[in-house]
Amino acid sequence: MELIPIEEIHVAEDRQRRVFNPDSLGKLAESIASKGLFHAPIVQNEKPTLVAGERRLKAINLMYTMGQTFSYNGEPVPVGKIPVVRLCELSEDLIYEAELEENIRRDNLTPQEEMQAVANLHNFRKKQDPSHTAQETAAEIYNADDKVSGKRVVSVRDALLVAEHIDDPAVAKAKTKTEAAKAVHKKLQREHASNLAETFDQNRKGKHPHVHVHGDAIATLEKMPSGIVDCILTDPPYGIGAHGFGDMADN
């Protein structure tokens, strides 16, 4: 068991976790005091900088301010010290992966933190393998050996979307992951509608290079020069003879 002064552990400002619930920390401190610490925080080898275990670190700090002690592996830990596990000779990617693993399965994350952690895991796997999919990320998170449900894949995609807008006020106020995803979808819909309105306005004023032509496709195209059409949207007469479709005729 390696023990170091708790104040020597450096906590980077850009760690994934942003919010810690005081009540939850208090309960964790009570658990550590009564049952002992099961998993020591993980630190890098030099500073030491915290890699995983910030919630445990804060709970133990809280215990020391209240004059409490705890044990680790059945042995008492001196006041002011904390047991650590060091990551020796690991690449930055593996260190980051250890923190992702710690965060992705942790309880008491806010919806925003949880979705950010899922997005970080997916993007990390994507960096390792550009062909990595949201379905594979969902399978890893939910420990699914078989094909994961579409709902879980959608949750990964929602997490990616929310992570891109994590600082949006509406996302920050969301109380659930569903609310956060809806806030982003509404924002994107408003932006899309605004862009369409601007494009339509430009068309009306003749500022847009594209022109809409409505008419019979065959007759109209015969009169137009070749090479100037970007898109043809057709509406074939699928309803011809619909009165003879039997029961379908009334639908």
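The values are calculated or read from the model by the stated rules, or taken from the named source; none is laboratory data. Model, not experiment: these values are computed from the prediction. Here Cβ is always computed from backbone atoms with ideal geometry, including for glycine, and neighbour counts include all displayed protein chains. Areas reflect the complete protein model, heavy atoms only, side chains present, ligands, DNA and RNA absent. Shrake-Rupley method; radii C 1.70, N 1.55, O 1.52, S 1.80 Å.
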Inset, instruction - Mind giving me the FRET efficiency for VAL85 and VAL213? R0 is 51 Å, r the Cβ-Cβ distance, nearest 0.05 is fine. - result: 0.15
Inset, instruction - Over segment 133-192, with every protein chain in place, what whole percent of the accessible area is carbon and sulfur at 1.4 Å, could you tell me? - result: 50 percent
Legend entry - Cα gyration tensor shape for segment 110-167, rounded if a/c is under 1.5, else prolate or oblate: oblate
Legend entry - Local electrostatic count, ARG125, Cβ distance below 9 Å [Lys/Arg +1, Asp/Glu -1]: -1
Inset, instruction - Compute, for LYS27, the solvent-accessible surface of its heavy atoms (probe 1.4 Å) with the complete set of protein chains present, and express it in square angstrom to the nearest 10. - result: 140 Å²
Inset, instruction - Would you please put 154-164, 132-142 in order of how densely packed they are, using the mean number of other Cβ atoms within 10 angstrom per residue and starting with the highest? - result: 154-164, 132-142
Inset, instruction - Please give, to one decimal in nm, the separation of the simple spin-label points placed at PHE38 and TYR96, each 7 Å out from Cα toward the Cβ. - result: 3.0 nm
Legend entry - Links that overshoot a 20 Å alpha carbon limit, given the list LYS58/LYS81; LYS27/LYS175; LYS47/LYS81; LYS151/LYS182; LYS47/LYS126; LYS27/LYS58: LYS27/LYS175; LYS47/LYS126
